[in-house]
Amino acid sequence: MTEGKTLSTLEPAAVHVRPGTVSDASAIVALIRQLAASTGEESPVTEDFVRGYCTTPGSALLVAERDGNVIGLLSWSLTLSLYHAAPCGLMEDSWSMSKRGDKASGAAL
């Protein structure tokens, strides 16, 4: 334990944000299902669908990790915008779960 600090005063572990990959499929499915449940719905998402999403040009995601565990995600797709007359990103899903009650992973994403 750090001298002079108790468990309740230690800083939470840092949140690391990185691109999501096919190896994150299981964690991403769990997060999407939590997102759906938070609105009283169910999601049909599967690990196969997530792996396909990760390898589809124009689709992308970021994941937030703490202590090696995926605790948040942000997904988006590239699309064309008539208003901007250019490609733009369309944010689709954002979800962050934290057992510590902080907002670090959501803010990091």
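The values are calculated or read from the model by the stated rules, or taken from the named source; none is laboratory data. For clarity, every value in this text was computed on a predicted model and none was experimentally measured. Cβ coordinates were reconstructed from backbone atoms using ideal geometry, including for glycine residues, and neighbour counts include every protein chain displayed.
Find the residue count for the range 56-76, including only residues that are on the phi < 0 side of the Ramachandran plot, loosely packed, with under 14 Cβ neighbours inside 10 Å and either free of Cβ contacts under 8 Å to residues at least 24 places away in the same chain or acidic (Asp, Glu) (or both).
2
Would you point out which residue out of 60, 37, 25 is farther than 19 Å from residue 89 by Cα and under 14 Å from the mean Cα position of the chain (by Cα)? Steps first, please.
Working: 60 fails: farther than 19 Å from residue 89 by Cα; 37 fails: under 14 Å from the mean Cα position of the chain (by Cα).
Just one listed residue meets the conditions, 25.
In the range 12-22, which residues are assigned to a strand (DSSP E or B) and under 10 Å from the mean Cα position of the chain (by Cα)? First the steps, then the outcome.
Just the residues of the range 12-22 that are assigned to a strand (DSSP E or B), to begin with: 16-19.
Within the range 12-22, 17, 18, 19 qualify.
Only one of (1) in contact with a strand residue (DSSP E or B) (Cβ under 7 Å, 6 or more places away or on another chain); (2) in a helix (DSSP H, G or I); (3) without any contact (Cβ under 8 Å) to a residue 12 or more places away in the chain fails for residue 80. Which number is that?
Unmet for residue 80, out of (1) in contact with a strand residue (DSSP E or B) (Cβ under 7 Å, 6 or more places away or on another chain); (2) in a helix (DSSP H, G or I); (3) without any contact (Cβ under 8 Å) to a residue 12 or more places away in the chain: (2).
Please go through the range 29-60 and give me each residue that is assigned to a helix (DSSP H, G or I), within 26 Å of residue 80 (Cα to Cα), at pLDDT 95 or above and among the β-branched types (Val, Ile, Thr), ordered by number.
Within the range 29-60, just 50 meets the criteria.
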